[in-house]
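The values are calculated or read from the model by the stated rules, or taken from the named source; none is laboratory data. Quantities reported herein were computed from a predicted structural model and do not represent experimental measurements. With ideal geometry, Cβ positions are generated from the backbone for all residues, glycine too; neighbour counts draw on all protein chains shown. The accessibility values were calculated without ligands, DNA or RNA, using every heavy atom of the protein model including side chains. Shrake-Rupley method; radii C 1.70, N 1.55, O 1.52, S 1.80 Å.
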Amino acid sequence: MRKTADRFLTFGWTANQVTIGAFIIGSASGVIYYFGFPVIAVIVLWLSGFLDAVDGSMARATKTSPFGTVMDVTFDRVVEISVILGVAFLYPDIMWAALLLMASIVISMTIFLTVGNVSENNGVKSFRYQAGLAERTEGFLFLSVMMLAPSIVLWTTLAFFAVELFTAGQRFMEAKRLLS
């Protein structure tokens, strides 16, 4: 990632430009999946995830921008939503599970962002970063299985939902400890 970040910086690209590229590529993954190309959709998803990590390396090597942070966090969620919608539209019988999954992501991210806003930042990122069981990589693994294993898509979606709720609980308990 560092080598790719350095290469992009020598081309004169900014972290925000790479963030936008990752967003466009990643958002396409749900559409690609819906139209019947699951392997390509997963490759596109992981390419966007790689670029998402590269943009962070680029930002830390230059100067982070508050708006870049907003773009990064927002665009990450849009990419996830794209895949979840692509799966839900292709398999409408599991749409209820997809809605539960999206609700759990909203809850977990609400805690994550609120804690990031109201607590002191001691890390290298532009705001306090709360780790949890469901990080970006784990989410991509679940999304990949959802796309590549349709016979277990319901159970994978429900497992992802459970892991997101657990993560929300972790973050909530950490918030209580940090902010009390």
Checklist entry - Do we find that residue 25 is under 19 Å from residue 143 (Cβ atoms), surrounded by 18 or more Cβ atoms within 10 Å (Cβ to Cβ) and either without any contact (Cβ under 8 Å) to a residue 60 or more places away in the chain or touching an Asp or Glu at 6+ places or on another chain (Cβ under 8 Å) (or both) in this structure? => result yes
Checklist entry - How many residues does the stretch 148-164 hold that are open to solvent by 70 Å² or more (accessible area, probe 1.4 Å) and among the hydrophobic types (A, V, I, L, M, F, W, C)? => result 3
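Conditions tested, residue by residue: (1) over 13 Å from the mean Cα position of the chain (by Cα); (2) loosely packed, with under 15 Cβ neighbours inside 10 Å; (3) modelled with pLDDT of 95 or more.
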{"site": "81", "(1), (2), (3)": "no, no, yes"}
{"site": "84", "(1), (2), (3)": "no, no, yes"}
{"site": "89", "(1), (2), (3)": "yes, yes, yes"}
{"site": "110", "(1), (2), (3)": "yes, yes, no"}
Checklist entry - Taking the stretch 130-180 as the region of interest, how many residues are polar (S, T, N, Q) and more than 18 Å from the chain's Cα centre (by Cα)? => result 2
Next on the checklist: Regarding the stretch 108-118, can at least one residue be identified that is assigned to a helix (DSSP H, G or I) and touching a Gly at 6+ places or on another chain (Cβ under 6 Å)?
Outcome noted: no
Checklist outcome for this item: residue 179 passes all but one of the listed conditions (1) out of contact with any Ser or Thr (no Cβ under 8 Å at 6 or more places or on another chain); (2) open to solvent by 70 Å² or more (accessible area, probe 1.4 Å); (3) farther than 22 Å from residue 46 by Cβ; the exception is number (1)
Checklist entry - When you go through 101, 133, 141 one by one, which is the residue that is assigned to a helix (DSSP H, G or I), free of Cβ contacts under 8 Å to residues at least 60 places away in the same chain and not aromatic (Phe, Trp, Tyr)? => result 141
Item to check | Positions within the stretch 28-79 being aromatic (Phe, Trp, Tyr) and open to solvent by 20 Å² or more (accessible area, probe 1.4 Å), in sequence order | outcome: 34, 35, 37, 46, 50, 67, 75
